[in-house]
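A quick write-up on the structure given underneath.
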Amino acid sequence: MMEAEVVEKDAEKKLKFGLFLGCNIPFNRPDVEQAMRKIFPVLGVELDELKGQSCCPTWGTMPSIDITAWCAVAARNLCLGEEKGIDLMTACNSCYGSLNEARHKMLNNPKLMSDVNELLAKIGKRYEGKAKCRHVAWVLYKDVGLEKIKESIKYTLDDITIAVQPGCHFLWPSEVYPDKEEDPFNPVVLRELCEALGAEAPYYTRLIDCCGMGALRSTDPEKSFTLVKEKLENIKEEIDADLIVTTCSSCLIQLDDAQERLRKEGKLNFSIPVLHYVQLLALCMGFEPEQVAGICVTPRDEIINRIIKG
Amino acid sequence: MSNDEKPRIGVYICHCGENIAGAVDVKAVAEFAKTLPDVVVVRDYLFMCSDPGQELIKQDIRDGLVNRVVVAACTPRTHEPIFRKACEDAGLNKYYFEMANIRDQCSWAHWHEKEKATEKAKAIVAAAVAKARLLEPLEDRYIELTKEVMVIGGGIAGIFAALDLANAGFKVHLVEKSPSIGGNMAKLDKTFPTNDCSACILTPLMVEVANHPNINLLTYSEVESVEGSVGNFKVKVRKKQTYVDWDKCTGCGACLDVCPPKARVPDEFNEGMSLRGAIYIPFPQAVPKKAVVDMDACIKCGGRDFSGKEPRLSKSGKPILAPCEKVCPTGAADRTPYRDPNGELVELNVGAIIVATGYKVMDKHHFKEFAPEHPNVITAMQMERLISATGPSEGKLIKPSEIPKLLEAKKKGEKVEVEKPHTITFISCVGSRDNRYHTYCSRVCCMYMLKQAMILKEKYPDLDIYIFFIDVRTPGKDFDEYYMRCRQLGIKIIKGRAGGIQPLPDDRLLVKGYDAEIGKPVEVVTDIAVLATAIEPNPTLKELARTLGINVGAEGFLKERHTKLYPVDTMTEGIFIAGCAQGPKDIPDSVAQAKAAAASAMSLLDPGKMTVEPLISEVNKEKCTGCGICVPLCPYGAISLVECEDGKKKSEINPALCKGCGVCTAACPSKAITLHGFTYDQVLAQIKTIARWPEIPAE
Amino acid sequence: MSQAQAEVAEKKNEEWEPNILVIACNWCTYQAADMAGSLRYSYPPTCKVVRVPCSGRVEPEFVIEALLNGADGVLIGGCHPGDCHYKEGNYKALRRFEWLKKIVEELGIEPERVRLEWIAGSEGLKFAEVMKEFDATIRKLGPNPLKKV
Amino acid sequence: MIESEEGVPNVLNLSEIAEREREEDERVVEIVREFGAENLIYCMQCGSCAAVCPLARVGFEWYNKKLIKALLLGMKEELLDDPTPWACVACNRCTEVCPRQVSPFEVMFAVRRMMVEEFAIPTLAIEGLRALYEYGHAVYMTGREARKKVGLPEKPPSTDSDEQALKDLKTILKNTKLAKLGLIPMND
């Protein structure tokens, strides 16, 4: 018994990921970065800085110009992990999508892979296709495990109803991702992660609908806001959530930021605070709210107080 | 067993597991049945139709206990034959049997009113017993069947039906109204979904028909009258006058070219896109390959009119002959002997008839919105001819408006530059799914448009091809894959039926459509517009159906006996239908149906004789006053007034034609007609029993 | 008279139940009656079916006799026009029915007591509905006036 | 052609479109296939993609299904000024539901790539590319107050704080189509 436990602990200790930040998190929502830096060591996951990482590249950049260029930029980032024999881990769905889509393309197209490696050769790198990008939600769900999460928290979310927002690139296209929901149209991972913290995380009709962030918002904010509004109203009406929790930095910004705008314009008469799951977990673990959940537009003081004061 | 022996009725009540016993108190019904007049035995059993159940009945018959049987169980529609057979097996005339339906029409319908269900069951049994007391023994009838079949129509369906029957040893008379068999399929260039060359797969079959020892091929012939009924149809077939001695004609074709321009008419085989002479062979692969003279077109060169006159002599003393007879190497086109314009009447005796008269492609002139008079607006069947190697342009894709130029040059042996099309546009559902014309879907248009588009695009990749659809319907085997191949070839599929074609100042056309997918009107300048006109019943089909005594549906196609269960049968026994005469269908379905019709005819005729239930009407000559009311009432023409020995006219019913409806029986003012199995007394006994219920019928 | 019979007869005096005769053609209405049962559409057990090959077999006398013998209502069921198994027997039935109605009226019987319906073999539900309706009609009319006499 | 207000004609003259393809000796379908929309030709216009497309939902004109149809008809110029492809959030729900494995997302992006060649590219996208090249981050902010506020170093451990890595990234980008197109200055 004792021996087995030791072995298990050793295995846990071996958990190590390259912390892939992307752009939105380090520059827009560094509290999410801080939350990850706080929670993972507690959960026995070692984080590598992945020095020299860049933009994944995001959809509006290289993917819109050229497939080889897209894959080359993605491959340089993946190489940073591959060189150390570790996978990347991200808290941004866009990075998760772009990196894995690029990897999927390269693995299925030898010509593309060799073109990419020709480019990488110019900087002395080579990508074999081994390293992949993992999603922080999947690492917590599968590698760390719900039990360990439950053990690690100081506060539980009794009587709190959460509306989950897994986000599009957590789900689709399921073919390219290293981890897949059993039914991508009825995702349960984030719901179970929230439930592990003691909250209710019920289904609602527009759970898998897009928040309208990204290119849609930069192209036509008005149209983008109609999607957020639809989603928020559905959340309010169907489950009257106390809190929205997402595992995507883009969804986080959109739901938080656009919500405040809609309110200011008089199009919304309620307010639901929004957190990234790693922030929520950090709060439950007792980390300083100012550091792990300090940046927002839609007020979240009240819910943070409820969490911390029980 | 004599008829006037006093009835000794056995009543056998079935529990049908719980199906009857669950709602009807079977024991109570049994007790009640014992009180009914002439009932001597009453038994009940869990499943009366099972072997031991039937054995109960058989034993009572064998023991001489009963001479009438009433089974109270389910519906006679399914179980009457089973129990009748049990009676027969035990030595009782099987028409001494009556059924009381206490399941379907009692226990099941009144499941929650058990007491009332039991009472009703008693009433039903009482009525059945009342009828059983009056039953009479009847003998089954047999009719001899002629093991010959007439197939009408020599298209692909008729060919397959004829070959299957002939190969099984049946004598087949294949009647085709055109000079050659082959039908519409002979006109097609290629066939979906495999794109086989139509002639390549059809011609060998046509030859096989012509050479088959069991097939009597009657081309250029039409059915004139049909009498008789299943097993023994008497058919008169008119062999039209060919005006060419077919025994001598070798099909060399020498006469075709010499027929003068004045006598030339649009060629049916090329859908009117070229001309043929008055003397013609329908197409190069015709079977039989024989010439005929179209007398409506013939100008009777040199007064040569088949009237039996010797030819006039020229100044040089030579006989003046028509060009065709002059050039004929065998004398087949000899115009001297008299030829009867009525042709010849042939009489056939057949046991069954298969109708496979095919279809007609709807004409384009109905559709004014699509500029039908424009030479470059063509039907899809014309497109088939345009791309076929045996067509007017010998398979070269040219604008139809250029055909006359091409043919003229060919005649002169000159070369000529003709314009080739760059754009071809197809329009679907022209006349189909259209309340003004045909409400039905013609089923094959989507596929043949895709086929033509595919053939054209593969052969001429630079062609721009547009297909305007309401929706693409490709439910056959390998059909949707075929459709996808077309899409992948770059054929532009536009959802939305075009609304108009405007001729442009040159010989091109502006097609006006609406792309429902983009939500905008679209316009295409096209060289050829192909209208996928509907598949229509042949104009003569209605008349033929009347001759045969079968029905056509509202849409004009032949009506099958039952859409699902009897798809190749008609309401007239012994007459089967196959192919497009029954409704629009493609070649695979036509062939399948033809084989089904052939198999149905075989299973009907093969035993050589068939049993006919004796439940038909009979005239009691002594009662008949000869009023003749019944004669026109009979839907089968089975009744006629015949002179009797005493010189009076009396009604007589032809048992071979009578179906036993009882219309005459009900109408006869002197009650001279008996419908066996449903006699006046029998039905009235049942009715009175029920009307008086719950009073018990008197002894 | 059996005990059960006696009981029913007694009941009849206290609480009248209609007695309805249905003359059904073998190919459509009889089949519909079977269908109603097999699909468990219930209808009043007052309706009892007698089978004939075709509605064209129904002699007006059958109906008159039924009424004279005490039936409270008679329904003739045939195939829909155009669907007759024997081509046109149902048209014959229709013609006779018009005539029949007049005779019934002359006998002093409400013409609503006789009815002609086209019910196809597949129309089990329709059979049950028609039976319910007819039963209700007859109940409103009360017992056959000839029976009272 | 009758011009509509948006620049796409109210009535599409398909013959003119086909003629243009012929004159330019390129089929639009082939161009977008080369740009990654390989399975475009399998589209049967069922509309599943449009049913789940956020763009279709909020009223963009040339959402996935319609865009594919336009391309199949040979349209290109008509689409160059349209913002729809640039509004695609790449959510890929269309890819998940497409019964023909067309991947409408790939079509959207192939059209972006086709548009880029014609320099039909939104300003915001150019800014993102410039930031990617200059700093290695498409979204880049010079203000570092937020990072400091949550107790993080001013710069993340990325190309932002690693000169060699940024140089490497630039080397890669200079050897791609981005440099050939000359959309952004890449002179350093």
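Structure notes:
- Calculated FRET efficiency for the pair residue B:62/residue B:34, C-beta based, R₀ 22 Å, to 0.05: 0.50
- The phi torsions of segment C:50-55, fed into the Karplus equation with coefficients 6.51, -1.76 and 1.60 and a -60° offset, translate into couplings of 10, 8, 10, x, 8, 4 Hz, rounded to whole numbers, with Gly and Pro shown as x.
- If you sort the three axes of the alpha carbon gyration tensor as a ≥ b ≥ c, you get a/c of 1.5 or more for segment A:15-135 and a/b above b/c, which makes it prolate.
- Extreme residue, positive dipole direction of segment B:596-699, given options B:655, B:625, B:674 (C-beta unit charges): B:625
- Point-charge dipole on Cβ atoms (K/R +1, D/E -1) for the protein assembly as shown, about Cα centre, debye to 20: 3000 debye
- Once C-alpha pairs closer than 8 Å and six or more residues apart are averaged by separation and normalised to the residue number of segment B:340-403, the relative contact order reads 17 percent.
- Each of the peptides A:65-78, B:425-438, D:64-77, B:149-162 was scored by the mean count of other Cβ atoms within 10 Å over its residues; in descending order, highest first, they stand as B:149-162, A:65-78, D:64-77, B:425-438.
- Mean separation of Cα contacts under 8 Å, 6 or more apart, over the residue count of segment B:616-675: relative contact order %: 47 percent
- Applying the criteria of a DSSP loop state and at most 13 other Cβ atoms within 10 Å to the trypsin sites (Lys or Arg not before Pro) of segment B:601-651 yields B:623, B:648.
- Cut-off 13 Å between beta-carbons: net charge of the residues surrounding residue B:199, Lys and Arg +1, Asp and Glu -1: 0
- The angle between the Cα long axis of helix B:51-62 and the longest principal axis of the Cα atoms of chain B comes to about 60 degrees, rounded to the nearest 10.
- FRET efficiency for the pair residue A:183 and residue A:107, taken as 1/(1 + (r/R0)^6) with r the Cβ-Cβ distance and R0 = 25 Å, rounds to 0.50.
- Shielding by partners for peptide A:200-212, expressed as the average number of C-beta atoms from other protein chains within 10 Å of each residue's C-beta, is 2.
- Extension gain for residue B:336 to residue B:417 (0.36 nm times residue separation, less C-alpha to C-alpha distance): 24.7 nm.
- Model label sites at residue B:516 and residue A:261, defined 7 Å from Cα along the beta-carbon direction, differ in position by 3.8 nm.
- Between residue D:23 and residue B:262, the modelled label-to-label distance comes to 5.5 nm, taking each label 7 Å out from Cα in the direction of the beta carbon.
- Angle between chain B longest axis and helix B:114-132 axis [Cα atoms, degrees, rounded to 10]: 90 degrees
- Debye, to nearest 20: dipole size of segment B:1-118, +1 on Lys, Arg Cβ, -1 on Asp, Glu Cβ: 100 debye
- Low-density loop positions, trypsin sites (Lys or Arg not before Pro), segment B:259-345 - DSSP coil, at most 14 other Cβ in 10 Å: B:309, B:312, B:315
- Residue pairs, from the table B:147/B:564; B:190/B:585; B:187/B:290, whose Cα atoms sit over 22 Å apart: B:147/B:564
- Inter-site label distance for residue D:44 and residue B:563 at 7 Å from Cα along Cβ, in nm: 2.4 nm
- Gyration tensor verdict on segment B:175-334 (Cα atoms; rounded if a/c is under 1.5, prolate if a/b is larger than b/c, oblate otherwise): oblate
- Cβ-to-Cβ counts within 10 Å put B:569, B:51 in ascending order as B:51, B:569, the fewest first.
- Amide hydrogen proximity for residue B:44: with H placed 1.01 Å from N in the peptide plane, the residues at 5 or more positions away or on another chain lying under 5 Å are B:13.
- Taken one residue at a time, the phi angles of segment B:240-252 give Karplus couplings (6.51, -1.76, 1.60, θ = phi - 60°) of 5, 6, 8, 6, 9, 6, 5, 5, 9, 4, 9, x, 5 Hz. Gly and Pro are set to x.
- Each residue of segment D:33-45 was assigned a 3J(HN,Hα) from its phi angle through the Karplus curve 6.51 cos²θ - 1.76 cosθ + 1.60 (θ = phi - 60°); the sequence is 5, 5, 7, x, 8, 4, 9, 3, 5, 7, 4, 10, 6 Hz, with glycine and proline shown as x.
- Sum of side-chain charges, residue C:135 neighbourhood, beta-carbon under 14 Å (Lys, Arg +1; Asp, Glu -1): +1
- Cut-off under 5 Å, modelled amide H: who pairs with residue B:291 long-range: B:251
- Two-site FRET efficiency, residue B:625 against residue B:227, from Cβ-Cβ distance with R₀ of 25 Å, rounded to 0.05: 0.35
- Evaluated with a Cβ-only charge set (Lys, Arg +1; Asp, Glu -1), segment D:123-181 carries a dipole of roughly 120 debye about its Cα centre, given to the nearest 20.
- Chymotrypsin sites (Phe, Trp or Tyr not before Pro) lying in DSSP loop within segment A:106-183, provided at most 16 other Cβ fall within 10 Å: A:155
- Annotation: amide H of residue C:50 within the under-5 Å range of C:22, C:23, C:24, sequence separation 5 or more or interchain, hydrogens built in the peptide plane.
- Rounded if a/c under 1.5, otherwise prolate or oblate - segment D:123-181, Cα gyration tensor axes: oblate
- For chain B, relative contact order (Cα pairs under 8 Å, six or more residues apart, normalised by length) works out to 13 percent.
Quick note: the coordinates plus some simple rules give every number you see, no bench work behind them. Worth saying up front: this structure is predicted, and the values here are computed from it rather than measured. Using ideal geometry, Cβ is built from the backbone for each residue, glycine included, and neighbour counts are taken over all protein chains shown.
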